[in-house]
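Below: the structure, in structure tokens.
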Amino acid sequence: MHRSSFAALASIALLCVSAPTLAKDDLLETLAQKGVITMEEYEKLKAQRKSEVTATTDEGFKITSGDGAASVQVGTLQQLDFAHYNEDTAELADGTELRRSRLSLQGTFFTDWQYRVEYEFAGTTGVTDAYVTYSGLKPLTVTVGQFKQPFGMEALAADKNVTFMERGLPFYFITTRAPGVMVGTSRSNWSANVGLFGEPVANAQAGDEGYGAVGRVSFAPLMDADRFIHMGLATTWRKPTDENSTNLLGPKFTTVRFRARPESNILAQRLVDTGEIVGVDQYRLEGLEFAAQHGAATLQSEYHLVQVKRDAGSTLNFSGWYAQVAYTLTGEARPYRGDKGFFDAIKPARRFGKDGWGAFEVAARLSGIDLSDDDVTGGRERNAALGVNWYLNPLLRVSANFVKVLEVKGGAFDGDEPTIYELRMQLAL
Amino acid sequence: MHRSSFAALASIALLCVSAPTLAKDDLLETLAQKGVITMEEYEKLKAQRKSEVTATTDEGFKITSGDGAASVQVGTLQQLDFAHYNEDTAELADGTELRRSRLSLQGTFFTDWQYRVEYEFAGTTGVTDAYVTYSGLKPLTVTVGQFKQPFGMEALAADKNVTFMERGLPFYFITTRAPGVMVGTSRSNWSANVGLFGEPVANAQAGDEGYGAVGRVSFAPLMDADRFIHMGLATTWRKPTDENSTNLLGPKFTTVRFRARPESNILAQRLVDTGEIVGVDQYRLEGLEFAAQHGAATLQSEYHLVQVKRDAGSTLNFSGWYAQVAYTLTGEARPYRGDKGFFDAIKPARRFGKDGWGAFEVAARLSGIDLSDDDVTGGRERNAALGVNWYLNPLLRVSANFVKVLEVKGGAFDGDEPTIYELRMQLAL
Amino acid sequence: MHRSSFAALASIALLCVSAPTLAKDDLLETLAQKGVITMEEYEKLKAQRKSEVTATTDEGFKITSGDGAASVQVGTLQQLDFAHYNEDTAELADGTELRRSRLSLQGTFFTDWQYRVEYEFAGTTGVTDAYVTYSGLKPLTVTVGQFKQPFGMEALAADKNVTFMERGLPFYFITTRAPGVMVGTSRSNWSANVGLFGEPVANAQAGDEGYGAVGRVSFAPLMDADRFIHMGLATTWRKPTDENSTNLLGPKFTTVRFRARPESNILAQRLVDTGEIVGVDQYRLEGLEFAAQHGAATLQSEYHLVQVKRDAGSTLNFSGWYAQVAYTLTGEARPYRGDKGFFDAIKPARRFGKDGWGAFEVAARLSGIDLSDDDVTGGRERNAALGVNWYLNPLLRVSANFVKVLEVKGGAFDGDEPTIYELRMQLAL
């Protein structure tokens, strides 16, 4: 028998045994199977793969080391907005803005460590995400750094993935990202997270920094191939920053302020605004979430309640809510992350310019916020919004939003009810 | 006949047929040609290439997916300047500065989409480029985002590629980058682009944002291997930002301002400056370009004319021009992009420290600007400049510039004619 | 003889000759050795490697071109701090901060050129490093750009690698990074560098920019496998920025100011501070370094002396010093760079979550600074500090520091001696 033929047979015999471990077949494997290289050579060369690099381009450009233990992805998010305001009373400045312009670096190291660093270059510039997650203590994950506090399914959804250009009115109660420590656990259809957080790193402070605790659970009692029901519950307790250092002789005081833009970001005005509420001891924020999906149709809603306990005077109650429906005309279902308790991005089944026009989604939302209680007259607002999203491909999205301010009652903008037309071009790499 | 020899022959036969598609020969191809792997295996393995990565290092570090459909290039531009001023009247501050310090991310996705994101960390920090170009509607390209408005061959040339350290005096009329939409088309020796643009994203605004339309055509009637003639024509119509919101009771007004540093950036002074011209209705900017090259010698010149139409009072006319000649002592021709209508970077034929000293270029320029008309006395300025560029390799360049302010007539700096010595070290990766 | 067997033998014969150049054995080599491909094919395919990419993950994610002549590494440094102050007199603000949040790009091009660009996004944002080093003029290296001036072994050690969370009190005399040119040379156990530097690029300036010369030599008379002795000497001469332009009618003057935080960065207060010293002609800064290591134990100490020569009045003398000992409980020696004259990062022998708990280091430091001389009463301060470092893996480090201000004598904070508790989580990729 010819020697190389024998080697080939021997290799094949070996391969039959070790076949399950050779899942991803490639040149090395092909050559081993043909006996061109021996199994020892195969193993040796495979081990050297550690320094080889693969790139996947499904979502951005991810580079992974040969052993899969380390990866890096340089990403960017660009949102260019245009808004036209049909003014009612106040003059609102039409125009363009880069709503978000971000660079990020994320990936894995030593298999169990995930990192993400992201910087914002538009609007309020600086660090958005800067954290490390350790997943080596299964079923727990531990996250340290600045990242999103676990509160609200719309707040937690990635900025590039929310249905409307701006989140609904109650979102403005939430401080999304803060430095802290979070412990979490999850299965495919539920998640639970608790964390301790300081003040966002960008916040200046004169006195001792504020801090708080946040907890959230999400649960999907029904989760089928084409439908699910989501329920979520979250709570925040927070002690605001102590501002006494700025006035050493005066009384100690801490402040909180809640205010909301009318679901549009180019104008400067907030139609409802509590102003600085002084003498705050602490405050709580509670959140309820309900969402459901059937095929291409989704329903999503949240209710937020804030209770501000003051050193003197009554406890103040503010609240907000929204409910929205969305329908993908081209049939794609909005992916739901049962292990996170929020929605992911719609992936168009066809791509514009290749095999179709991409995906189209229409959505409608009602929302309200009430910032008036007792001696604080921040105002009440209700909005209606319609939106169309065009997903040209997994990286590009164009959105058109129409927002009608239905009612503003109380506060400095009492009765000022403009109409808003907004357009966005988004690149998320 | 030996089986593997047969396979080899069969493969070669197949390869003869499919040879044109196997242009880039490599290991896979070699093995297929030798019959070590079959054509089926070859095709299968080639298809798996999608996740493989190649890097080219000719201009920075570009990483491309195996199928060529996606790429990413992380780049940086660093310009460290030193300037010494032989003062005339005003005291000018000698010193160093990082003129530009940028990070960029650019590349391709889904074959037809090009993106570029760039951030500036020196001087006026923030977003420079943030755009996506779609080239799938041949012969048209569509660009959306913030990018350079199509005006002026020197303004459009990359900041790293212009002959002198600072562009000539008339350049200061141009707002280079703004958010907008542009449609273009081109062939090897001509280009045409039209766009609609808002205000640069970094500009604060109180009232409705300004906007404008820009168009440019470039044409090279002669374009040989070692010589060409370039002609260009561009026009901008612009409605400035409406500032009325800042003064609700006062009259509505919009302003424009033109001013120019003396082709040096470290000093704070602008020797000519119209100040804020109030009550502007709209303005137009016209540009004429002429350039020619014969071997290592190039001539480049532009003329700009601004017409500011005011709500009351006469229309104001300002203008500027420059003409420059450059010669590469080491013989390299400055590459001309006929499909873009501007110059690219000189590539040194030899590299410093390897096979030579790099490339050397000398250049001379005359330029002028006139910002005085009617009741506006911004001043007139004429400059002469000499420059030497040393291209050590494709990524590194050292420049020395000498600028003599020949004349300043009118305005706050009337008769102040300093002499400028400038030095730059540039890394463009 | 079978033709392919002959080729194989021929190849092996060739390989025996050229073996030393084929150090890194791989698939190509294996195939060549087996005669599957000819040596010509091998050489040709090897040459094509230029566009191939390898990634190493020992320190971050480094991508290298096939010929090794070019590389790029995208890195990040994140330090999230928490501090609690046991106040004495002044109120000090407890809280969290991102101490450093950086992105960097570094690598090699054309073999002999090294570049590094780094941006800071926390605290004082902007450019930190932006330089190119040319190592093609052996034994000399030439560095141009903004980078660390060669002064002080603790100042020169990377921000991620210093033993305590903040460098000792005398460090505050040093302007670390500035734009300039440096020439250096080194062997395995000594280094010498001299440079000319302007003012840091972030510094605003009204008059002519300050400049200075810096020189440093380091020498390790003993350098064994497990112990060494380090000695260093450095000097800076500096002419401060000329501020006269801000007050054209008043006298010309230049100023310097020295001040120090108490080895903690979250609080705003500097307990010692000379204030702006006016009428400075020039100043000198001298530095002495001594360090030693025996196995897991290290000793490190520095002394700095400043002499400020004024236009009128006496020369002012300020000084500072620190001495610290560190011991790695898990036995790892802190690597010493004899060719640089400073310490590198401890590499844990075991990794947390894989084969152990990482590395643990304990350290103690005494430090002092004296900013009072003649008519300037900046104050004197002495501190004691204890620290624990936990190196979970080569990329992650947790530090806990305790700093006791032993004495503050003179100045605005006379007798104010707080106690500081600090915590840091560091990711350095």
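The values are calculated or read from the model by the stated rules, or taken from the named source; none is laboratory data. Remember, it's a predicted structure, so these values are computed and weren't measured experimentally. Ideal geometry is used to build each Cβ from the backbone, glycine not excepted, and the neighbour counts take in all protein chains shown. To get the accessible areas, we keep the full protein, side chains included, count just its heavy atoms, and leave off ligands, DNA and RNA. Shrake-Rupley method; radii C 1.70, N 1.55, O 1.52, S 1.80 Å.
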Would you mind telling me which residue in B:295, B:379, B:168 has the biggest mean-square fluctuation in a Gaussian network model of chain B, where springs connect alpha carbons within a distance under 10 angstrom?
-> B:295
Where labels lie 7 Å past Cα in the beta-carbon direction, separation of residue B:183 and residue A:350 in nm | 2.3 nm
Name the residue, out of C:44, C:239, C:309, whose mean-square fluctuation peaks in a Gaussian network model built on chain C with Cα pairs under 10 Å.
-> C:44
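Between their Cα atoms, which of A:148/A:309; A:138/C:347; A:148/A:347; B:347/C:44; C:62/C:160; A:62/B:34 are more than 30 Å away from each other?
In this structure, A:62/B:34 exceed 30 Å between Cα atoms.
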Which shape class applies to the stretch C:277-377: rounded if a/c is under 1.5, otherwise prolate when a/b exceeds b/c and oblate if not, where a ≥ b ≥ c are the square roots of the Cα gyration tensor eigenvalues?
-> prolate
Round to the nearest 10 and give me the degree value, 0 to 90, for the angle of helix B:3-18's Cα axis relative to the longest principal axis of chain B.
-> 40 degrees
Report Rg/Rh for the stretch B:73-132, rounded to two decimals, where Rg is the Cα radius of gyration and Rh the Kirkwood radius.
-> 1.24
Set the Förster radius R0 to 56 Å, insert the Cβ-Cβ distance between residue C:235 and residue C:69 as r into 1/(1 + (r/R0)^6), and round the FRET efficiency to 0.05.
-> 0.90
Where does helix B:39-48 land angle-wise versus the long Cα axis of chain B, in degrees 0 to 90, nearest 10?
-> 30 degrees
So, in nm and shortest first, the distances from residue B:307 to its counterparts in the other copies, with label points 7 Å along Cα→Cβ, work out as 7.0, 7.0
Add -39500 (n - 2.57) for each DSSP H run of 4 or more in chain A, then divide by its residues: what number comes out at 222 nm, to the nearest 500 deg cm²/dmol?
-> -2500 deg cm²/dmol
What is the gain in length, in nm to one decimal, between residue B:309 and residue B:357 on full extension, counting 0.36 nm per residue of separation less the C-alpha to C-alpha distance?
-> 12.0 nm
Cα extents of the stretch B:112-202 along the three principal axes, largest first (Å) = 38, 28, 21
What are the semi-axes of the equivalent ellipsoid of chain B, taken as the square roots of 5 times the eigenvalues of the Cα gyration tensor, listed largest first and rounded to whole Å?
-> 48, 26, 19
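Kindly sort B:190, A:390 by accessible area of their heavy atoms, largest first, with the probe set to 1.4 Å.
The most accessible residue leads, giving B:190, A:390.
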Shape of the stretch C:345-402 from its Cα gyration tensor (a ≥ b ≥ c, root eigenvalues): rounded if a/c is under 1.5, otherwise prolate when a/b > b/c, or oblate?
-> prolate
When the solvent-accessible surface of protein heavy atoms is calculated with a 1.4 angstrom probe, in what order do B:427, A:80, B:196 fall, highest first?
-> B:196, A:80, B:427
Could you work out, for the stretch A:324-429, what percent of all Cα-Cα pairs fall into each 10 Å distance bin, beginning at 0 Å and stopping at the bin that holds the largest distance?
-> 14, 33, 27, 18, 7, 1
Residues of the stretch A:182-199 with amide nitrogen under 13 Å from the 7 Å Cα-to-Cβ point of residue A:137?
-> A:182-185, A:194-196
Relative to the other copies, what are the label-point distances for residue C:39, with labels 7 Å from Cα along the C-beta vector, expressed in nm at one decimal and sorted shortest first?
-> 3.3, 3.3
Shortest-first distances to equivalent copies, position residue A:222, nm, label 7 Å out along Cβ = 7.9, 7.9
Accessible area per residue in Å² at 1.4 Å probe, computed on the protein assembly as shown = 41 Å²
Residue A:294 versus residue A:194, label points 7 Å from Cα toward the beta carbon: distance in nm?
-> 3.8 nm
In debye to the nearest 20, the charge dipole size for the protein assembly as shown, taken about the Cα centre with +1 at each Lys and Arg Cβ and -1 at each Asp and Glu Cβ, equals 4000 debye
Of the residues B:417, B:43, B:289, which exhibits the maximal mean-square fluctuation in a Gaussian network model of chain B defined by a 10 Å Cα contact cut-off?
-> B:43
Positive dipole terminus of the protein assembly as shown, leading residue within A:130, C:111, B:413 (C-beta point charges) = C:111
In whole Å, what three semi-axes, largest first, describe the equivalent ellipsoid of the stretch B:163-222 built from its Cα gyration tensor (square root of 5 times each eigenvalue)?
-> 27, 18, 8
Hey, got the dipole for chain B? About the Cα centre, +1 on K and R Cβ, -1 on D and E Cβ, debye to the nearest 20?
-> 1380 debye
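Round to the nearest 0.05 the FRET efficiency obtained for residue A:325 and residue C:176 when R0 = 45 Å and r is the Cβ-Cβ distance.
The formula returns an efficiency of 0.20 here.
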Please work out how much accessible surface residue C:62 shows to a 1.4 Å probe, ignoring ligands, DNA and RNA, in Å² rounded to 10.
-> 80 Å²
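Enter the buried accessible area of the C/A pair, total of both sides, probe 1.4 Å, in Å² rounded to the nearest 100.
About 3500 Å² of accessible surface is lost on pairing.
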Where a ≥ b ≥ c are the square roots of the eigenvalues of the C-alpha gyration tensor, would you call the stretch B:251-290 rounded, which needs a/c under 1.5, or, failing that, prolate if a/b is larger than b/c, or oblate?
-> oblate
Taking the Cα atoms of the stretch B:367-429 alone, what are Rg (to one decimal) and Dmax (as a whole number) in Å?
-> 16.2, 51
Taking protein heavy atoms only, a 1.4 Å probe, and rounding to whole percent, the accessible area of chain C owed to carbon and sulfur comes out at 58 percent
With every protein chain in place, the accessible area of residue C:351 for a 1.4 Å probe, in Å² rounded to the nearest 10, comes to 60 Å²
Once Rh is set to the Kirkwood radius over Cα pairs, what Stokes-Einstein translational diffusion coefficient, in µm²/s, holds for the protein assembly as shown at a temperature of 20 °C and a viscosity of 1.002 mPa s?
-> 62 µm²/s
